[in-house]
Amino acid sequence: METRGIRNKNPLNIRKGTSWLGLAENQPDKAFCTFSSMEFGIRAGIKLIRNYITGWGGRRRKYCTVDAIISKWAPPSENNTESYIQFVCRESGLSRYSAIAPNDKSSIFALMGAMCKIESKYILSRTMFNSAWSLL
């Protein structure tokens, strides 16, 4: 059986609330976005993580480390955040407190690859990631 994230072409399970490029015309899920293709779902994830890192262009608080990004993405009120952080660090090879730059494709790919595994059991390929990045 497909996971919700794969069914919605939204492997990071991004909640509704933003008018993302590439949203499917039909939005059958009440809580999470459905995208027209997996590339657009991944693109939205890249945009959102880069916004966390930059603080939405300096307008909000910045979340630059794996620890900060995951704590924002998967707060303790909804998730076992500590377990999520440990998994992402183990899977990605990224350090918990090392800063990630918004244009560091390699680190963002590693981060998102681990996050996709947790969120929807989706294995993010470098090809799919690069295709989504090209849509930015």
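Over all other residues within a Cβ to Cβ distance under 11 Å of Phe40, the charged ones net out to +2, with Lys and Arg as +1 and Asp and Glu as -1.
Stretched out straight at 0.36 nm per residue, the stretch from Ala31 to Ser95 would grow longer than its current Cα-Cα span by 19.9 nm. In this Cβ point-charge picture (+1 for Lys and Arg, -1 for Asp and Glu), region 54-136 has a dipole of about 240 debye about its Cα centre.
Shown here for region 86-122: chymotrypsin sites (Phe, Trp or Tyr not before Pro) in loop regions (DSSP other than H, G, I, E, B) with at most 11 other Cβ atoms within 10 Å, namely Tyr97. Taking trypsin sites (Lys or Arg not before Pro) as exposed when DSSP calls them loop and at most 16 other C-beta atoms lie within 10 angstrom, the chain has its longest site-free stretch at 63-95. Backbone phi angles across region 104-116, fed through the Karplus curve with coefficients 6.51, -1.76 and 1.60 (θ = phi - 60°), yield HN-Hα couplings of 7, 4, 4, 5, 5, 4, 4, 4, 5, x, 5, 5, 4 Hz in residue order; Gly and Pro are listed as x. Per-residue ellipticity at 222 nm from helix content only, as computed over the chain with -39500 (n - 2.57) for each DSSP H run of at least four residues, stands at -15500 deg cm²/dmol. Each part reduced to its alpha carbon centroid, region 76-107 and region 1-59 end up 19 Å apart. Return the FRET efficiency for the residue pair Met1, Glu82: r is the Cβ-Cβ distance, R0 is 25 Å, and the value is rounded to the nearest 0.05. It comes to 0.30. Here, the chain has an Rg and a Dmax of 13.9, 41 Å when only alpha carbons are counted.
Throughout, read-outs are computed from the coordinates displayed, never taken from laboratory work. Because the structure is predicted, anything quoted here is derived from the model rather than measured. Neighbour counts are summed over all protein chains in view; Cβ atoms, including those assigned to glycine, are modelled from backbone coordinates with ideal geometry.
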